[in-house]
Amino acid sequence: MSKIYYPNAEFSKDASIPSMEAYWKLQNRALEDYEGYWKSFADEKIDWLAPYDEVLDESDAPFYKWFTNGKLNVSNQCIDRHLATKANQDAIVFEGDRGDVEHITYAQLSTRVNKMANLLKNEFNVKKGDRVVLYMPMIPEATYAMLACTRIGAIHSIVFGGFSADALRDRIDDAKAKVVITADGAFRKGKPYMLKNVVDDALKEGGESVEAVLVVKRNNEPIEWNDSIDYSYNDMIDAQSDECPFEIMDSEDPMFLLYTSGSTGKPKGVQHSTAGYILWAQMTMEWVFDLRDNDVFWCTADIGWITGHTYIVYGPLSAGTTTVMFEGVPTYPDAGRAWKMIEDHKITQFYTAPTAIRLLHKMGEDEPNKYDLTTLRVLGTVGEPIDPPAWKWYYEVVGNSKCAIVDTYWQTETGGHMISPLPGATPIKPACATFALPGIVAEVIEEDGTPTPVGEKGFMCITKPWPSMIRNIWGDPERFKTSYFSECKKDGKPVYFTGDGAMIDEDGYITITGRTDDVINVSGHRIGTAEIEAVIKHVDTIAVSAVVGKPHEIKGEGIFAYIVLKEEGSYSPDEIKSEINKLLKKEIGAIALCDEIAIVPDVPKTRSGKIMRRILRSIAKGEEITQDTSTLEDPTIVQTIEKIVKEA
Ligand code: WTA
């Protein structure tokens, strides 16, 4: 049995949830009176502009509605309501790649967001419900743009800056975006990189809905300019008034879309609501990171992924804390960058992905010891299972055995954390997400809803609707139902299935065992194997491909592709790999490149033609094949492939 790490008593004394008794008190209250529980927090945390009628409307399940007919505005939640007490407190501490630092107070944030909101409203006629795509680097203007959208009721959809022109175009077209906000580019590892040219390429074909591209200057590199559609943020912003009354939004008005990968087809536009999302963003921020006055919180994710979205912008700002935004990478100019930033900005909570932890560990085992990290209280991890050695280093060296590690399990679809230790309460088992947060009913079950026995793998389900849950897949309600509410039932009623497997132990601790579907998790980024295969299909020489994840020392999972050529023997694996990766880079982006390929005569298929990916996953991992291969069309193919992979 692994060692249990108890919360530090000194820390627990002042923690917002100071003990397991306090945790159970909250959780039992939720279980006894679910709606009453959520009502009490909604009333406490949200500045309602008009009261809601019902806490939870289940009449059109699984299209659940929360706080029906209530009115609020997210930019009011994140800015205006803090101004009386926090005008001069830093809202954002921005650090650029090259070390340039800017402090932005809540008063300044207010001015800048109001101006940007006026710019969108007055110059581009952006109205409530219009979609605005952000293709932005990690600079403060990205946050202003997000909040400006929420101020005027526009639905923003952030597309991660690492996605290619084709991927960007798909997302712009799917959302029918009216405006795209971008930047000339930004800096990474001391050098400028470009973004605006990607938008130009995206709009060359498609993008018919786009009326304007608003361009923020960051790196001042030369860019192409099209007078009929491009507008300069820097030239236009000063003329805007710094007062823009916020739009009165309904609780259930869509707040944003964020595209994510599923096991089939194109990425899905995960649609979130207004009240539920902002409520849980704030509550989890306060509980999981045990937020206190004068905290300086740093989440290293990108705003183009839900982690950055919720825990760089909406969580910290709705909770009125100071959030750090970083343009660069934590390994530049050296492996001490992250630790230096923690020292410089007196950071109190540091939230990053296992990939980054493994990389920083590998690059500088003792590096953290060279810096003053004593301000740190809570360390967080997210996005993929963390392995015990990385956990141990994070705990002992980065946290000096004093900080709790919150291993937060959640998804784009859940809006905020679902399962996580609470730093002042939960005795931690390393690399274990532990317990559902108060109010969240997370269960490891079988398809029919019976609890999976202790120590066995089951389906990770959230069996009661919760406020920050996905509301729909943009434009595709059927896919919403089949993606999330078709696998598992409880008491005969479809329940939300996360797509992950999990295990519960004898103490009730939940460990996430990873995706059960064809989604791979590369450096904490979700990529569907179907998406990759759809691209590979376009390589002329390839007949069939089957893509699986393979454990990778740093990235968690790497991409492994089995390739069947149209004409055997005519090309080398290196040639094919570079062909494939060229296309993947163009169609999806550099995050989706194949690490390894194997050219095989065929892939294992059932007699009905279904590719047996489980076998391919096992072969990629070098595991013994234990699956039954008798149902295969050609069982001998398994040994053939094994041999090829072993010899590669
Ligand atoms: C995985 C990221 C283990 C999981 C917030 C999930 C995790 C997917 C953890 C969602 C964790 C996230 N431990 N696995 N603490 N957190 N995952 O939508 O497979 O980018 O379904 O959201 O990441 O990825 P997404």
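Every read-out reported here was derived from the displayed coordinates using simple, explicitly stated rules and does not represent laboratory data. Please read these numbers as outputs of a predicted model, since none were measured by experiment. Here the Cβ positions follow ideal geometry from the backbone for every residue, glycine too, while neighbour counts run over all protein chains shown.
Annotations for the structure displayed:
- Shape analysis of the stretch 148-215 based on the Cα gyration tensor places the equivalent ellipsoid semi-axes at 21, 15, 10 Å, largest first.
- For the stretch 61-105, the Kirkwood hydrodynamic radius from C-alpha pairs, put into Stokes-Einstein at 37 °C and a viscosity of 0.692 mPa s, yields a diffusion coefficient of 240 µm² per second.
- Toward the positive end of the charge dipole of the stretch 518-647, with +1 on the Cβ of Lys and Arg and -1 on the Cβ of Asp and Glu, the farthest Cα among Val535, Ser630, Gly524 is that of Gly524.
- Principal axis dimensions, largest first and in whole angstrom, of the stretch 518-647 by Cα: 39, 32, 29
- Cα-Cα P(r), the stretch 499-565, percent of pairs per 10 Å interval: 19, 40, 26, 10, 4, 0
- Solvent-free Debye scattering, log10 I(q)/I(0), computed from the Cα coordinates of the stretch 450-524 at q = 0.12 Å⁻¹: -0.38
- Gain upon complete extension [Asp53, Ala9; 0.36 nm per residue less C-alpha separation]: 11.6 nm
- If R0 equals 51 Å, the separation of the Cβ atoms of Asp100 and Lys610 corresponds to a calculated FRET efficiency of about 0.40.
- Candidates per trypsin sites (Lys or Arg not before Pro) in the stretch 568-648, loop by DSSP, up to 12 other Cβ within 10 Å: Arg607, Lys610
- Total charge dipole magnitude, the chain, about the Cα centre, Cβ charges on Lys, Arg, Asp, Glu only, Debye to nearest 20: 300
- Per residue of the chain, the DSSP helices (runs of n ≥ 4 H) give a summed -39500 (n - 2.57) that works out to -8000 deg cm²/dmol at 222 nm.
- Theoretical gain in end-to-end length, Asn88 to Lys586 [0.36 nm per residue, Cα-Cα removed]: 174.8 nm
- Taking only the C-alpha atoms of the stretch 1-88, Rg followed by Dmax gives 18.0, 52 Å.
- Coupling constants for the stretch 228-243 follow from the phi torsions by the Karplus curve (6.51 cos²θ - 1.76 cosθ + 1.60, θ = phi - 60°), and in residue order they are 7, 9, 8, 10, 8, 4, 5, 7, 9, 5, 4, 6, 7, 5, 8, 10 Hz; glycine and proline get x.
- Binning all Cα-Cα separations of the stretch 374-413 at 5 Å, short to long from zero, yields these whole-percent fractions: 6, 23, 31, 20, 12, 6, 2.
- Amide H contacts of Ile17 (H built 1.01 Å from N, in plane; Pro and chain starts excluded): Gly424 sit under 5 Å, all sequence-distant by 5 or more or on other chains.
- Computed E for Asn122/Ser209 - FRET, C-beta separation, R0 22 angstrom, nearest 0.05: 0.65
- Computed FRET value (nearest 0.05) for Ala61 with Val454, which takes r as the C-beta separation and R₀ as 22 Å: 0.15
- ³J(HN,Hα), Karplus 6.51/-1.76/1.60, whole Hz, each residue of the stretch 548-561, x for Gly, Pro: 9, x, 9, x, 10, 3, 9, 7, x, 10, x, 9, 10, 10
- A Cβ-based charge dipole, computed about the Cα centre of the stretch 518-647 with Lys and Arg at +1 and Asp and Glu at -1, lands at about 380 debye.
- Integer Hz, Karplus 6.51/-1.76/1.60 couplings in order for the stretch 101-108, x for Gly and Pro: 10, 9, 9, 10, 7, 4, 5, 5
- Beta bridges per DSSP with both ends in the stretch 495-648, % antiparallel, nearest 5: 85
- At full extension, Thr541 and Glu224 could sit 110.6 nm farther apart than now, given 0.36 nm per residue minus the alpha carbon distance.
- The equivalent ellipsoid that matches the C-alpha gyration tensor of the stretch 246-316 spans semi-axes of 24, 18, 10 angstrom, in descending order.
- The local environment of Cys432, defined by Cβ-Cβ distances under 11 Å, has a net charge of -2 under the rule Lys, Arg +1 and Asp, Glu -1.
- With Cα atoms as the point set, the radius of gyration and Dmax of the chain evaluate to 24.3, 73 Å.
- For the stretch 135-183 and the stretch 241-264, distance of Cα centres in Å: 11
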